[in-house]
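Undergrad: Here it is: the structure, laid out below.
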Amino acid sequence: MAVDQLAAMSTFVRVVEAGSLSAAARAIPSSLTSVSRQIAALEQHFGTPLLLRTTRQLALTDDGRLLYERAKSIIGEVKEIEAALARDPRQPSGRLRVSSPSLLGRLVIAPMLTEFLRRQPALSVDLLLVDRAVDMVEEDIHLAVRIGRLSDSQLIARRLADIRMITCASPDYLARRGAPRTPHDLTSHDCLVFSDTPGSAEWRFADGSRTGRKFRISGRLWMNSLDALVGAARDGAGIVRAPSWQVEHDLAAGRLQRLLIDHEPAPTPLHLMLQPSRLASPKVRAFVDYLVERWRRIDTFSAPPDATRRVDSHSDI
């Protein structure tokens, strides 16, 4: 890519983020004429309008939005290359953007960051806690933690663990109501259900098939906060189902007891995702290696992590 074209793409990104050509010119800083010429040159080069200009604001065309997303990623990678060439190659540096499901991020990922930052004094971390699949290119995310089977993608995936869903209850509840011996017994117990919409509840258990079988349960308490449900289970309100990493300490301390072990469903994979172009980045590699190292110690119910591979099918990696 020609240097002047890269500069024009950088200017285009600044225009989009500033909201106008004049604001971008002040921020760069540059002349308004120079900014306008670079945008016009890009439109001529790609043969399509990129911006819709009105008297009050700028709007992106569909092609302009595509260029903005890609250009932002390219410029970020160029900056990483510049930083990598200028720094001590033995010490990762710069800013790392990581996304994670909110509960997993708050309870597991966030507590790990203090030690990581202590080990890597030239790095800083932005942790984004969101319960959705982020667009790693558009949102400039270096690494994303994702739970569940993966769809087709050109991303690279490092399998961290297999998360098991644990059915459990407090000793107090079990002393009062007894322990279920089969999933069918749950219809006569007080089950604590994680859902945004109370109604008919079902939990999946193993039945010898690949996918398992859904069993109807008796939902006595419904919440859209799994954290709060686990707290209610500790207090004796009923039986809860939660990820192994969330209840591990309660089980070890005896505050909760594991139930229906022989009927537990197949585990759910947990992956760390990254773009192929960032696989060689020292700061990305440092975080991947650190997270894999730490994860081996935190979940006694997990399977060991697998190697790093490209995600190109719906199969487990």
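Undergrad: Just to make sure I understand: if all protein chains stay in place, what is the order of 142, 45, 249 by accessible area at 1.4 Å, largest first?
TA: On the way: 142 10, 45 110, 249 135 Å².
Highest to lowest solvent-accessible surface, that is 249, 45, 142.
Undergrad: How large is ³J(HN,Hα), in whole Hz, for each residue of segment 118-132 in order, when computed from phi with the Karplus curve 6.51 cos²θ - 1.76 cosθ + 1.60 and θ = phi - 60°, using x for Gly and Pro?
TA: 3J(HN,Hα) across segment 118-132, in whole Hz: 5, 6, 10, x, 8, 10, 10, 10, 9, 9, 9, 9, 9, 9, 7.
Undergrad: Next question. Which lysines have a Cα lying under 27 Å from the Cα of residue 283, excluding residues fewer than 8 positions away in the same chain?
TA: 72, 79
Undergrad: Students sometimes get this wrong: rank 187, 48 by accessible area, probe 1.4 Å, all chains present, largest first.
TA: The ordering from most to least exposed comes out as 187, 48.
Undergrad: Next question, about the same structure. Any idea how far the Cα center of segment 160-186 sits from the one of segment 243-296, in Å?
TA: Centre-to-centre (Cα) distance: 21 Å.
The values are calculated or read from the model by the stated rules, or taken from the named source; none is laboratory data. Computed from a predicted structure; not experimentally measured. Quick note on the areas: whole protein, heavy atoms, side chains included, nothing else; ligands and nucleic acids left out. Shrake-Rupley method; radii C 1.70, N 1.55, O 1.52, S 1.80 Å.
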